[in-house]
1. Ordering Asp85, Asp63, Asp170 by accessible area with a probe of 1.4 Å, largest first, what comes out?
2. Kindly report the accessible area of segment 86-127 per residue (heavy atoms of protein chains, probe 1.4 Å, no ligands, DNA or RNA), in Å².
3. What length, rounded to one decimal in nm, is gained on full extension from Ala34 through to Thr200, with 0.36 nm per residue of separation minus their alpha-carbon distance?
4. Can you work out the PRE-style zone for Asp207? Point 7 Å along Cα to Cβ, and I want the residues of segment 164-183 with backbone N under 16 Å.
5. Between beta-carbons, use under 11 Å as the cut-off and find the net charge around Leu206, counting Lys and Arg +1, Asp and Glu -1.
6. Please give, to one decimal in nm, the separation of the simple spin-label points placed at Lys181 and Leu86, each 7 Å out from Cα toward the Cβ.
7. Can you give the local net charge around Arg126? Use residues other than it whose beta-carbon is closer than 12 angstrom to its beta-carbon, Lys and Arg +1, Asp and Glu -1.
8. What net charge is computed for the residues neighbouring Ser62, neighbours being all others with C-beta under 12 Å from the C-beta of Ser62, Lys and Arg scored +1, Asp and Glu -1?
Amino acid sequence: KSAFRVMKKNFILCLFLLTSGLAWSQAAPEFHFAPVDSIALYPAASEVEPVADLHIHSLINSDITVKWQRNVLQITSGCASKVCDLNACYPESFSTKQFVLGAGVEGPISVHLVNSNGLLCQAIIRLDMWNIEFPDVIVSGYYLFNADVSGTDETAPVAPAKIFPNPTADYFTVEQVEGLKRVRLLDITGREVAAYNAETTQQFRLDNQPAGKYIVSLEDEAGKILAIAQLNKI
């Protein structure tokens, strides 16, 4: 009877350790994007099909099946986007697909801006990716396509916006960007929830916004996106 109690206790302990390990594995991403800020910046939007790249890197020693979901947060009317993963390039009609990410594998995950009509296109695309066995652990990458509003094929260098504090509860500020006139706050669906005049204030309040993830879009007077950043409100 005593031996049975010991075996039962050990079984419960092993079960606890096993389930604890599963819970931990579900909370730990098994791959990441590079650049580490997970933002792929503009190609020239006057091209017929410009491409923005992020690279996915496996962090584990086994194969996993990764699923992606394309989310169009903002795009010029008449333009479209499509995704190329490690398997293939898919038409604009495909908003989700899955592929096998091999152990230790690294490769490009691209978003194409389809611009067959020669329009001046601008877009922010979010690509959510996850191991199909752990759908709650989502890794997101952002793809920014900058419209060439000047009418030339030249695009000024753009970098991810530097915002601080981040995460934050009350407000944020941004590192000065040349030509910055307006700051827009977008939720994860791409809906604008706040807009600020960057010429009149350097501190942008978040009092009326619920906790969660946001996109900060820095724009010039003509509405051209100069940089974007991810913001976490706590």
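The values are calculated or read from the model by the stated rules, or taken from the named source; none is laboratory data. Only a predicted model underlies this, so the values are computations on that prediction, with no experimental measurement involved. Ideal geometry is used to build each Cβ from the backbone, glycine not excepted, and the neighbour counts take in all protein chains shown. Areas reflect the complete protein model, heavy atoms only, side chains present, ligands, DNA and RNA absent. Shrake-Rupley method; radii C 1.70, N 1.55, O 1.52, S 1.80 Å.
1. Ranked list, largest accessible area first: Asp63, Asp170, Asp85.
2. Ligands and nucleic acids excluded, the figure is 44 Å² per residue.
3. Working: separation 166, 0.36 × 166 = 59.76 nm, distance 3.51 nm.
Length gained between Ala34 and Thr200: 56.2 nm.
4. Counting backbone N atoms under 16 Å from the label point, the list is 169-172.
5. Within the 11 Å Cβ shell, the charges total 0.
6. 4.4
7. Cβ neighbours under 12 Å give a net charge of 0.
8. Value of the local net charge: -3.
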